[in-house]
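Q: Questions regarding the structure given below will be posed in turn.
The values are calculated or read from the model by the stated rules, or taken from the named source; none is laboratory data. Because the structure is predicted, anything quoted here is derived from the model rather than measured. Glycine also receives a Cβ, built like all others from the backbone with ideal geometry; neighbour counts cover every protein chain displayed. What goes into the accessible areas is simple: the full protein's heavy atoms, side chains included, and nothing from ligands, DNA or RNA. Shrake-Rupley method; radii C 1.70, N 1.55, O 1.52, S 1.80 Å.
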Amino acid sequence: MREIVLINITGEDRPGLTAAIMGVLANAGVNILDIGQAVIHDTLSFGILVEIPLAEGSADALKDVLFTGYKLDQQVRFTPISEQDYQLWVQGQGKSRYIVTLLTRKVTALQLQRVSEITAKYDLNIDHIDRLSGRRPLDLPLDKSKGCIEFSVRGEPEDVAALRAEFLSVAQELNVDIAFQRDTVFRRNRRLAVFDMDSTLIEAEVIDELAKAAGVGEKVAAITERAMQGELDFKASFKERLALLKGLPESSLQGIADSLKLTEGAEVLFTELKRLGYKTAILSGGFTYFAKQLQAKLGIDYVYANELEIIDGKVTGRVIEPIVDAQRKADLLQELTAKEGLRLEQTIAVGDGANDLPMLGLAGLGVAFRAKPLVKQSARQAISTLGLDGILYLLGYRERESIED
């Protein structure tokens, strides 16, 4: 004979509490079926699901737990669990698990309400809620703040596409990002991250900056915008824009390189990826002249971009083939994955334009970063609210893990 009981303990967190409670249960020969503990603002919430053998003296175990909790200024509650309910709980462990990640500058109750409403609507049960972002001072400026809440949910939604669409709609309405991904062994075991450069790693389209220097800025910018929106073939539009740069002095390039600004969070992201053992790469439809300088600044392992043809100190308006277009980016991702002895599930791809979609679709984690509407809708994940370091949260990274190191 046995009794199954859920023990809930709440109160001010203090050292030694777990050891004291476990000592009481150990004396009664209790088996632990499940256990969970969380501390929020120094307040403990401790749950233990136990199997108590109904041998002589074991009935006193719960009294001893209650007395020990009282001595430690804790509130203790007991809930009997039937064996039938326990078996139903055990059977539920085979259900699929997903991670829902909320990214925002400031976490609000409304954001959490809307996310949890959608998960409930699609029959997903929330098992855990964790804050991944660090503690924030109340007076921290909004543009310096980062908030991330991670939901671990269980179940199998009937219509994943509709679920994603609702998350995207709420994200746009509340100016947040909501990521939804299956919780697999690969989520925390990714080892290769590849990035577009222009408007992803840097806050500019280099070809537009070159065009300004050549006096054809408006013409080229208009073509660039249409290409990134997916309205024009990338390779054809790229050649058209390049031709307008003919005659630009090579001496102009360094000044443009010096003026390029890194995207928010780029340095933090690459520092952490390097610390975690990732290989990184730039796969860009931009130019190697600028990508190589980013490589040196951020410690990037591989660079694949377009080589500007320069003759007699002037840009000719052509590049040296092959052009890095959408298909070339996808091919390079596969080649690097094989070279590093990895699976595609272990890769991350980040970009903002329509020419990034093929590689985003191939990668285990494809992220549309501050992307055009078409790209945002087509990619599985999107980040627009935070900087590039927000990608770390999608890996389950906790900010305190960096602070402690």
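Q: Scan 217, 255, 277, 247 and give me the residue that is open to solvent by 30 Å² or more (accessible area, probe 1.4 Å), modelled with pLDDT of 90 or more and over 25 Å from residue 295 (Cβ atoms).
A: Sole residue among the options that is open to solvent by 30 Å² or more (accessible area, probe 1.4 Å), modelled with pLDDT of 90 or more and over 25 Å from residue 295 (Cβ atoms): 247.
Q: So in segment 128-175, with the set limited to residues that are more than 13 Å from the chain's Cα centre (by Cα), in a loop (DSSP other than H, G, I, E, B) and hydrophobic (A, V, I, L, M, F, W, C), which one is surrounded by the fewest Cβ atoms within 10 Å (Cβ to Cβ)?
A: 138
Q: How many residues, within segment 326-340, are under 23 Å from the mean Cα position of the chain (by Cα) and not hydrophobic (A, V, I, L, M, F, W, C)?
A: Residues meeting the conditions: 4.
Q: Turning to a different aspect of this structure: Among the listed residues 392, 386, 360, identify the single one that is free of Cβ contacts under 8 Å to residues at least 24 places away in the same chain and either not assigned by the TED database to the domain that holds residue 268 or not in a strand (DSSP E or B) (or both).
A: When all the criteria are applied, what remains is 360.
Q: Identify, by number, the condition in (1) surrounded by fewer than 23 Cβ atoms within 10 Å (Cβ to Cβ); (2) in a loop (DSSP other than H, G, I, E, B); (3) small (Gly, Ala, Ser) that residue 371 doesn't meet.
A: (1)
Q: Just name the residue that is farthest from residue 381 (Cα to Cα) out of those in segment 75-118 that are among the hydroxyl-bearing types (Ser, Thr, Tyr) and touching a Phe, Trp or Tyr at 6+ places or on another chain (Cβ under 7 Å). I'd like the intermediate steps shown before the answer.
A: As a first pass, look at segment 75-118 and keep what is among the hydroxyl-bearing types (Ser, Thr, Tyr): 79, 82, 86, 96, 98, 101, 104, 108, 116.
Narrowing further to those that are touching a Phe, Trp or Tyr at 6+ places or on another chain (Cβ under 7 Å): 98, 101.
Values: 98: 14, 101: 10 Å.
By that ranking, first place goes to 98.
Q: Something else about it: If the requirement is being of a type in the set (Phe, Trp, Tyr) and either touching a residue at least 60 places away in the same chain (Cβ under 8 Å) or farther than 27 Å from residue 379 by Cα (or both), which of these qualifies: 270, 234?
A: After ruling out the rest, the residue left standing is 234.
Q: Now for a different question. Restricting to segment 290-342, name every residue that is open to solvent by less than 30 Å² (accessible area, probe 1.4 Å) and either under 19 Å from residue 255 (Cα atoms) or part of a strand (DSSP E or B) (or both).
A: Scanning segment 290-342 gives 290, 291, 294, 303, 305, 306, 308, 315, 316, 317, 319.
Q: Next question, about the same structure. Answer yes or no as to whether residue 63 is touching a residue at least 24 places away in the same chain (Cβ under 8 Å) and open to solvent by 70 Å² or more (accessible area, probe 1.4 Å). First the steps, then the outcome.
A: Working: touching a residue at least 24 places away in the same chain (Cβ under 8 Å): no; open to solvent by 70 Å² or more (accessible area, probe 1.4 Å): yes.
In short, no.
Q: Return the residues of segment 1-31 that are surrounded by fewer than 12 Cβ atoms within 10 Å (Cβ to Cβ) and not small (Gly, Ala, Ser); say none if nothing qualifies.
A: 1, 15
Q: Taking residue 210 and the conditions (1) outside any helix (DSSP H, G or I); (2) crowded, with 23+ Cβ neighbours inside 10 Å; (3) not assigned by the TED database to the domain that holds residue 124, which numbered condition does it fall short on, given that it satisfies the others?
A: (1)
Q: A further question on this structure: For segment 68-84, which positions are open to solvent by 100 Å² or more (accessible area, probe 1.4 Å) and under 19 Å from residue 43 (Cβ atoms)?
A: 70, 71, 73, 75, 77
Q: Restricting to segment 182-198, give me the number of residues that are surrounded by 17 or more Cβ atoms within 10 Å (Cβ to Cβ) and not in a loop (DSSP other than H, G, I, E, B).
A: Residues that pass the stated criteria total 5.
Q: Check 133, 82 and return the single one that is in contact (Cβ under 8 Å) with a residue 60 or more places away in the chain, of a type in the set (Ser, Thr, Tyr) and outside the structural domain of residue 157 (by the TED database). If you could, list the steps in order and put the result at the bottom.
A: On the way: 133 fails: outside the structural domain of residue 157 (by the TED database).
Every option except 82 fails the conditions.
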